[in-house]
Amino acid sequence: MKKHFKLLTFVILSGLFVISCNDDNNNPEAEAIGLEQQEEQIFAGEKTINEHLVNYKVAAKSEFVFTTTLEIDAVTLYASVNYQDQSIDFDGKDAVLTLDQKQTLLDLGKEISNYLFKGETTDQFSMAEFTLLRLLEYWAKSPTGYPHKKTRIASSVKQTLKNRDEGITCIRKNTFVTATYDDDRGNIRESILVNGEDCIGRCGSGCGSFFTIASAWTKDCLDHDRCGRVNGSSFNPFDSECGDEYREAADDYLFGVIRGCRG
């Protein structure tokens, strides 16, 4: 059953997102991720990693809206995340990330995670930091050949026969849930044990992920995980089969934790 977003829930949860500031420009750990700005409402920097120059910036447009701009080589990805109505506006100008660029985003996420948490609690982070880490992982998991088009994702979509997007539907680990996806065989339905194979159903990387920030467990993420594993995973050329499942899981990545989908 879909759960409607409640402002009070967000306000309570947002109390966990504590300001994480560092005013020491000579901090070697900050320099390691190319950090240029870190305040309550902004997180930005420039880092060369795997011979790719990456510029990243997240800034609060309002209390509940955070814009993210990510530049890697000649590719620019943009997202405006609205935590109040739980919608995302993407614009990548049809850019397609290479396998090496996607790995670079994962590596950058690892470095930023190490800087923010340093092996300690993951409860203290700002909404800007949370937004960046979730988007880095989401963009890095895009299917091979996937064009990042200008599109809007809303959690309150209406499901139709041609659209399996189920908004944000929580699932529980160690239970069987029916995964639905389509590939060149047609529409597929399979009963899958959540968390039964490398954390299947988790919105993000598999078990042992270095993204130590909380992740959601949802139906759309299960659908994408199963589709990707059957057709080759996110780093296999055959995963182009799973572009629609990937797109439908975007809101789950950003808002699933807020909805309480912790498995």
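The values are calculated or read from the model by the stated rules, or taken from the named source; none is laboratory data. Because the structure is predicted, anything quoted here is derived from the model rather than measured. Note: ideal-geometry Cβ built from the backbone for every residue, glycine included; neighbour counts use all protein chains shown.
Odds and ends about this structure:
- Taken over the range 80-132, the criterion of being hydroxyl-bearing (Ser, Thr, Tyr) and crowded, with 21+ Cβ neighbours inside 10 Å is satisfied by 83, 104, 113, 126, 131.
- Sole residue being touching a strand residue (DSSP E or B) at 6+ places or on another chain (Cβ under 7 Å) and not hydroxyl-bearing (Ser, Thr, Tyr), chosen from 92, 109: 92
- Scanning the range 1-54 for residues that are of a type in the set (Lys, Arg) and modelled with pLDDT under 85 returns 2, 3, 6.
- For residue 152, the stated conditions do not hold, so it cannot be described as modelled with pLDDT of 90 or more and part of a helix (DSSP H, G or I).
- Annotation note: Cβ proximity below 8 Å between a residue of the range 186-198 that is more than 17 Å from residue 216 (Cβ to Cβ) and without any contact (Cβ under 8 Å) to a residue 40 or more places away in the chain and a residue that is in a loop (DSSP other than H, G, I, E, B) and among the polar types (S, T, N, Q) (sequence gap 6+ or interchain) occurs for 193/174; 193/175; 196/174.
- Looking across the range 181-209, the residues that are modelled with pLDDT under 90, assigned to a loop (DSSP other than H, G, I, E, B) and either loosely packed, with under 15 Cβ neighbours inside 10 Å or at positive phi (or both) come down to 184, 185, 195, 196, 197, 198, 199, 204, 206, 207, 208.
- Selected residue (criterion: modelled with the highest pLDDT) from residues of the range 103-130 that are outside any helix (DSSP H, G or I) and over 16 Å from residue 37 (Cα atoms): 118
- Scanning the range 155-175 for residues that are touching a helix residue (DSSP H, G or I) at 6+ places or on another chain (Cβ under 6 Å) and modelled with pLDDT of 85 or more yields a total of 3.
- Residues in the range 85-99 that are over 14 Å from residue 64 (Cα atoms), in a loop (DSSP other than H, G, I, E, B) and not hydroxyl-bearing (Ser, Thr, Tyr): 92, 93, 94, 96, 97.
- No other residue among 77, 108, 135 is among the aliphatic types (A, V, I, L, M) and farther than 21 Å from residue 242 by Cα apart from 108.
- Test: residue 178 is under 16 Å from residue 254 (Cβ atoms), out of contact with any helix residue (DSSP H, G or I) (no Cβ under 7 Å at 6 or more places or on another chain), modelled with pLDDT of 90 or more and not hydrophobic (A, V, I, L, M, F, W, C): no
- Filtering the range 46-65 to residues that are in contact with a strand residue (DSSP E or B) (Cβ under 8 Å, 6 or more places away or on another chain) and without any contact (Cβ under 8 Å) to a residue 60 or more places away in the chain leaves 46, 48, 52, 53, 54, 55, 57, 61, 64, 65.
- Scanning the range 30-58 for residues that are charged (D, E, K, R) and crowded, with 18+ Cβ neighbours inside 10 Å yields 47, 57.
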